[in-house]
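Novice: My structure is below; once you've seen it, I'll send some questions.
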């Protein structure tokens, strides 16, 4: 069994986006999952991207905005919605709303997302 307290989490940040790595390769030998809580400030955008070898599930916790999908497509994403991106699916997010958007992300197999952020705490 593994147990994690806040001091074992790693916080990654880009302008307008804070990603708290709750369980990832930085603190667990798990070969099955990364769990992340992401907070996006109003106006923040996560550009479209893909994870070629991992699938990802997002659960919207608070706020709303638009999923940015392949070929310029978008889809509303709000509290209680769940999105699953298969390996290689293009995805991103635009928080055009007036409040922060928070979601939980589960990625399998795990990814260490430090490469995508300019700041680590």
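Novice: Tally time: how many residues in region 24-45 are outside any loop (DSSP other than H, G, I, E, B) and in contact with a helix residue (DSSP H, G or I) (Cβ under 9 Å, 6 or more places away or on another chain)?
Specialist: Going residue by residue through region 24-45, those that are outside any loop (DSSP other than H, G, I, E, B) are 34-40, 45.
Restricting the remaining residues to those that are in contact with a helix residue (DSSP H, G or I) (Cβ under 9 Å, 6 or more places away or on another chain) gives 34, 36.
Looking only at that region, the number is 2.
Novice: In this structure, does residue 92 turn out to be part of a loop (DSSP other than H, G, I, E, B) and in contact with a strand residue (DSSP E or B) (Cβ under 8 Å, 6 or more places away or on another chain)? Walk me through how you get there before you give the answer.
Specialist: Values: part of a loop (DSSP other than H, G, I, E, B): no; in contact with a strand residue (DSSP E or B) (Cβ under 8 Å, 6 or more places away or on another chain): yes.
Considered against the rule, which asks whether it is part of a loop (DSSP other than H, G, I, E, B) and in contact with a strand residue (DSSP E or B) (Cβ under 8 Å, 6 or more places away or on another chain), residue 92 comes out as no.
Novice: Right, here's the next one. Do you know which residues across region 29-42 are without any contact (Cβ under 8 Å) to a residue 60 or more places away in the chain and in contact with a strand residue (DSSP E or B) (Cβ under 9 Å, 6 or more places away or on another chain)? Spell out the reasoning first.
Specialist: We begin by selecting, within region 29-42, every residue without any contact (Cβ under 8 Å) to a residue 60 or more places away in the chain; these are 29, 41-42.
Within region 29-42, 41, 42 meet the criteria.
Novice: Kindly indicate the residue of region 96-117 that is touching a residue at least 60 places away in the same chain (Cβ under 8 Å) and part of a loop (DSSP other than H, G, I, E, B) and also farthest from residue 22 (Cα to Cα) among those meeting that condition. First the steps, then the outcome.
Specialist: Quick first cut of region 96-117, residues touching a residue at least 60 places away in the same chain (Cβ under 8 Å) only: 100-114, 116-117.
Filter once more, so that each one left must be part of a loop (DSSP other than H, G, I, E, B): 100, 109-112, 117.
Numbers: 100: 19, 109: 15, 110: 12, 111: 12, 112: 11, 117: 16 Å.
Out of the qualifying residues, it is 100.
Novice: Please find, within region 78-95, the residue that is nearest to residue 61 (Cα to Cα) out of those that are without any contact (Cβ under 8 Å) to a residue 24 or more places away in the chain and surrounded by 13 or more Cβ atoms within 10 Å (Cβ to Cβ). Talk me through it step by step, then tell me what you get.
Specialist: Of the residues in region 78-95, the ones without any contact (Cβ under 8 Å) to a residue 24 or more places away in the chain are 78-81.
Going one step further and asking which of them are surrounded by 13 or more Cβ atoms within 10 Å (Cβ to Cβ), we end up with 78-79, 81.
On the way: 78: 8, 79: 5, 81: 8 Å.
The qualifying residue nearest to residue 61 (Cα to Cα) is 79.
Novice: Shifting gears a bit: Just checking, which of 53, 73 is under 22 Å from residue 10 (Cβ atoms), free of Cβ contacts under 8 Å to residues at least 60 places away in the same chain and more than 14 Å from the chain's Cα centre (by Cα)? Before the answer, list the steps.
Specialist: Working: 73 fails: under 22 Å from residue 10 (Cβ atoms).
Exactly one residue qualifies, and that residue is 53.
Novice: Can you find a residue in region 55-72 that is in a loop (DSSP other than H, G, I, E, B) and more than 17 Å from residue 97 (Cβ to Cβ)?
Specialist: Initial filter on region 55-72 (in a loop (DSSP other than H, G, I, E, B)): 63.
Cutting the leftovers down to more than 17 Å from residue 97 (Cβ to Cβ) gives us none.
Looking through region 55-72, none of the residues is in a loop (DSSP other than H, G, I, E, B) and more than 17 Å from residue 97 (Cβ to Cβ).
Novice: Can you find even one residue in region 46-55 that is closer than 17 Å to residue 115 by Cα, touching a strand residue (DSSP E or B) at 6+ places or on another chain (Cβ under 9 Å) and loosely packed, with under 13 Cβ neighbours inside 10 Å?
Specialist: We begin by selecting, within region 46-55, every residue closer than 17 Å to residue 115 by Cα; these are 46-54.
Those left that are additionally touching a strand residue (DSSP E or B) at 6+ places or on another chain (Cβ under 9 Å): 46-51, 54.
Then keep just the ones that are loosely packed, with under 13 Cβ neighbours inside 10 Å; that gives 47, 49.
Within region 46-55, one or more residues are closer than 17 Å to residue 115 by Cα, touching a strand residue (DSSP E or B) at 6+ places or on another chain (Cβ under 9 Å) and loosely packed, with under 13 Cβ neighbours inside 10 Å.
Only the coordinates and a few stated rules stand behind these numbers; no lab work does. In this text, all values refer to a predicted model and were calculated from it rather than measured experimentally. Counting neighbours? That spans all protein chains shown, and the Cβs are built from the backbone with ideal geometry, glycine included.
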